[in-house]
Amino acid sequence: MNEPIDYIIVGSDADDFTRFTKNVSRKLQDGYELYGGPFVVNGVVHQALVRHSHPKKAETVTPVTI
């Protein structure tokens, strides 16, 4: 039997990268894992994340320049 997986996408305006980083870090601390790299659509930065049914503790993400 396959375990359930949660998929989410965090987004924020490209000019508010601090907020975006905090939101992604919060999800990582909640047990989500990065799924690919960040991407921009119509001026909004997005990051996809996944979480398996048995979440593991993650480290805080370090901001990068896009």
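The values are calculated or read from the model by the stated rules, or taken from the named source; none is laboratory data. Worth saying up front: this structure is predicted, and the values here are computed from it rather than measured. Please note: Cβ atoms are built from the backbone with ideal geometry, for glycine as well, and neighbour counts cover all protein chains shown.
Numerical summary
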{"quantity": "Selected residue (criterion: modelled with the highest pLDDT) from residues of region 48-62 that are surrounded by 13 or more Cβ atoms within 10 Å (Cβ to Cβ) and over 10 Å from the mean Cα position of the chain (by Cα)", "calculated": "Arg51"}
{"quantity": "Region 1-12, residues that are modelled with pLDDT of 90 or more and loosely packed, with under 13 Cβ neighbours inside 10 Å", "calculated": "Tyr7, Ile9"}
{"quantity": "Residue list for region 13-32, restricted to those being of a type in the set (A, V, I, L, M), out of contact with any Ser or Thr (no Cβ under 8 Å at 6 or more places or on another chain) and at pLDDT 90 or above", "calculated": "Val24"}
{"quantity": "Matching residues in region 15-47 - criterion: being crowded, with 16+ Cβ neighbours inside 10 Å and among the hydrophobic types (A, V, I, L, M, F, W, C)", "calculated": "Phe17, Phe20, Val24, Leu28, Val45"}
